[in-house]
Amino acid sequence: MNAFRLAIRNILDKPLNLLLSIILFALGVGLINFLILFNHQLKDKFESNLAEIDLVLGAKGSPLQLILCNMYHIDNPTGNIKIGDAKPFLNPKHPIIASAVPLSLGDNYKNFRIVGTNYGFTELYKAKIAQGKLWEAPLEVTIGQQVADETNLKIGDTFTSSHGFTDDVDLAHDHNAFKVVGILAPTGAVIDQLIMTQTSTIWQVHKHEEETTQTSAEEEHDHAEGEEHDHDHIEEPQKEVSTFPLGSNEELLTHPEESITSILVKYKSRTSFQALNMPRMVNENTSLQAAAPAYEINKLVDMVGVGTDGIKAIAYLIGFVSALSIFISLYRAMRDRKYELALIRVMGGKRSYIFNLILLEGFLLALIGWTVGTILSHVSMEIMAGYLKSDFRYSFSGWIWLKEEWFLLAISLFIGVLSALIPALSAAKRDINEVLDKG
Amino acid sequence: MTIISFEDVTFSYQAGQSLQFPDVNIQKGNTTLVLGQSGVGKTTCLHLMAGLMKPKSGSIVINGSSIAQMTQSELDAFRGKNVGVIFQQNHFIGALNVLENIEMSQYLSGGKKDSVFCKELLKRLDISDKWNKKTTALSQGERQRVAIARSLAARPPIILADEPTSALDDTNTTEVFKLLKDQADFLGSTLVIVTHDNRLKDLVPHHINLNKS
C-alpha cells in the first residue's frame, strides 16, 4: 500500500480528530474566501459604475454624497445647479472635456429613479437597446433591465412617477404619464436600475407641479387647467428642437434659467495638467462643486475597509489556529503511532516513506479543509446575495469562481504541508531501535 | 552454506557501554537459538542480525552481503527483502485490517502484492476467518499468529523471532514453536530465535550462548 493510500486510511481511522481539524480549517478558509468573493464583487460593482467618469459636477455639499447620488444612485442630491452656472462645462467645444452628460433627478417610480439626461448617458455604460428604442419625445422613457424585471413594465405601458426617491402615493405626479418606449440590455451597472428620459421631461413634470400648487393649494384642482399647462410646457422645448438635436447640450444651453442636478464629465486626457487642476479650479472659483469618483470611492472603501480588516484578522487567526491543530494532531498521531512507524521501517520502508506519509496526511487534511471551506463560502455568499438583492438591488452571486481562490488553495496546501513538516521530519529521523527496545 | 556470520563484532551504545559478541556462524536451514540472560545484548544481537543497526567494528555478513558498509536506505531495502522479524510485542498498522497489514510487508519489501499467498499463510496459521478484522479486535494469540504471517509474507530467507514464547505456558510454548518452525520450513527460511526461555533448548539443536562464561 503506497504512502498516499495509507495516509488516507490513517486520517479516516480517527474520524473525530479528522472532523476537528477539518472544521477549523474549513472555517478559516471559508471566512477568507467569503471576504474575497464579497470584496471582489463589491469592488466590481463600484468599478463598473465608475464607467470612466472622471469628474462629477453638482451643487456644493458633501463630495461623497455627490458621487453616491449621481453615480451610484443611493443618496439624495446635494441640490440643483442652474444651467447658466454650468455653461462652460456643457459647451461641446470645451478644451479638456471630451463629454459632459447632464443628469436631472428628483422622481421615482416604485423606488426606481427617473433620470433626465441625454443619449451620452447610455454610452457611458455602453448600454445597448434590447427592445424598442431610446426615448425621443418628452415623457417617453427607456428603462433598465432590472426595472423591467421587477416592475413588469413593458413597451407601450404608461405610469406616473412620484416625487422624491421613495415610492409615496401622496406625492404622485398624477398628470404626467410616462410611456415606456424601450428596454436596455443588462449591463451589470447601475443603469440597469434606472428609468431614463430627456432632461426637459423632468422640468415639465416639476413645473407642472409648482404651478398647480401655486394656482390652487388644494389637491383637487381643475383637470382641464392642468392639461393646458402641460401643453404650454411641452411646446417650449419643442421649439428649440428645430435648431439643435434633441437632448444635446447645445439645446440645454438655450435654457440657462433651468436646473439640473449634476454633470458627469469625461476628460480628453486624464493626465493633462488642466484636467488635474480642474476640480480645484471649479471648487474655488465657481458656485459648483467638483468631485472625482475614483478618489471619493477609494476614501469610502478605506473607511468600510476597517470593518473587513477586522473580519480578515479573525480569519487569519482561525487560519493560524487550524494550522496549529493540524500540527498538534499529526504530532500526537506520530507519537501514538511510533511503533507502527518503526514497524514500517523494519519491514523495509525507507525514511522517505515515513516522511511522505505524514506530509501527505497534512496535505490531505488541508485539501479536504479547503474544499469544505470553499463550498461553505460560496453557499453563504449565495444566501447573502439574496438579502443584498432585496435590500440594495445589488446583484451579488455565490456561483462565481475567482482566480484568487486558486491562490487560497495554494496557501492552504502550503500551510497543511508546513504544519506536517516538523512531525514528518522527527518521525523520519527517529531511531527505530530505541522505539523497538521499549516495545 | 553460512547465512549469518559475525566476526569480531563489537557494538557500543550511545551511553558509552560496549558489547563484544562471540563469532557466530549460522547455517542455512538450521533453526538456531540465541540464548542469554536479560541485559547481555540479546535484543541488540537481533537488531544487528536484522540490519536495524550497525556494529562499531567487525564484520556481519547476512545472506552473502556485508551490512556494515551499507547506507541507511540500502539497509532498509536489504532488510525488507531478506529478514522477517517477529517482535516480543506485536504492533500493527492500526488503520489497516489483518490482510492489509500482511500485504503491507510485501509492498514495503519491494515485492509484488500477493493476496492469495497472504490468505494461504492466514489459513496455515488457522486465522483465515479474521482476515478483514482490525488487529485491535484480535486476542493476544491471534495477534501473534498475524505477526508470524506478516514476517513470512515477503518470503524472506531469514526469520528472526524475539522472545516469542516468554509469556506462554508449556503447552503453548511447544505449539507456537512448532507453528514458527513449520512455516519457516514451508518457505525454506532459516529461523533464528532470540530468547532466555530454556524450555526451547530441548526443541532446537543449534545454540549460540551470549552469556559470559
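The values are calculated or read from the model by the stated rules, or taken from the named source; none is laboratory data. Bear in mind the structure is a predicted one, so any value in this text is a computation, not a measurement. When we count neighbours, we look across all protein chains shown, and the Cβ atoms used for this are built from the backbone with ideal geometry, even at glycine.
Does any residue of segment A:270-288 turn out to be farther than 27 Å from A:Ile83 by Cβ, of a type outside the set (Ser, Thr, Tyr), part of a helix (DSSP H, G or I) and more than 24 Å from the chain's Cα centre (by Cα)?
Checked against the condition, which is being farther than 27 Å from A:Ile83 by Cβ, of a type outside the set (Ser, Thr, Tyr), part of a helix (DSSP H, G or I) and more than 24 Å from the chain's Cα centre (by Cα), segment A:270-288 yields at least one hit.
Looking only at segment A:372-399, how many residues end up being assigned to a helix (DSSP H, G or I) and either in contact (Cβ under 8 Å) with a residue 12 or more places away in the chain or among the hydrophobic types (A, V, I, L, M, F, W, C) (or both)?
Qualifying residue count for the region: 16.
Mind checking whether some residue in segment A:430-439 is among the basic types (Lys, Arg) and loosely packed, with under 14 Cβ neighbours inside 10 Å?
yes
Would you check which residues across segment A:92-116 are polar (S, T, N, Q) and under 23 Å from the mean Cα position of the chain (by Cα) and list them?
Once the filter is applied, which keeps residues that are polar (S, T, N, Q) and under 23 Å from the mean Cα position of the chain (by Cα), segment A:92-116 yields A:Asn108, A:Asn111.
Collect the residues in segment B:51-103 that are surrounded by fewer than 20 Cβ atoms within 10 Å (Cβ to Cβ), of a type in the set (Lys, Arg) and either assigned to a strand (DSSP E or B) or facing another protein chain (nearest Cβ under 10 Å) (or both), keeping them in residue-number order.
Listed by number, the list holds a single entry, B:Lys81.
Given the condition farther than 17 Å from A:Leu436 by Cβ and free of Cβ contacts under 8 Å to residues at least 40 places away in the same chain, answer yes or no: does some residue in segment B:1-14 qualify?
Scanning segment B:1-14, I find at least one residue that is farther than 17 Å from A:Leu436 by Cβ and free of Cβ contacts under 8 Å to residues at least 40 places away in the same chain, so the answer is yes.
If we keep just the residues of segment A:246-297 that are among the basic types (Lys, Arg) and under 18 Å from A:Asn91 (Cβ atoms), which is surrounded by the most Cβ atoms within 10 Å (Cβ to Cβ)?
A:Lys266
If we keep just the residues of segment B:109-143 that are in a helix (DSSP H, G or I) and within 14 Å of chain A (Cβ to nearest Cβ), which is nearest to B:Val85 (Cα to Cα)?
Across segment B:109-143, the extreme among qualifying residues is B:Arg143.
Just to check your reading of the model, which residue among A:Leu367, A:Leu413 is among the aliphatic types (A, V, I, L, M), touching a Ser or Thr at 6+ places or on another chain (Cβ under 8 Å) and either part of a helix (DSSP H, G or I) or within 21 Å of A:Asn39 (Cβ to Cβ) (or both)?
From the options A:Leu367, A:Leu413, the qualifying one is A:Leu367.
Taking the criterion of being small (Gly, Ala, Ser), touching a helix residue (DSSP H, G or I) at 6+ places or on another chain (Cβ under 6 Å), part of a helix (DSSP H, G or I) and not assigned by TED's automatic domain parsing to the domain that holds A:His94, would at least one residue in segment A:293-308 satisfy it?
Looking for residues that are small (Gly, Ala, Ser), touching a helix residue (DSSP H, G or I) at 6+ places or on another chain (Cβ under 6 Å), part of a helix (DSSP H, G or I) and not assigned by TED's automatic domain parsing to the domain that holds A:His94, one finds none in segment A:293-308, hence no.
Quick one: is B:Val204 within 19 Å of B:Gly36 (Cα to Cα) and buried (at least 23 other Cβ atoms within 10 Å of the Cβ)?
No, not satisfied.
If you take the residues in segment A:42-62 that are at pLDDT below 90 and touching a Leu at 6+ places or on another chain (Cβ under 9 Å), which one is surrounded by the fewest Cβ atoms within 10 Å (Cβ to Cβ)?
A:Glu52
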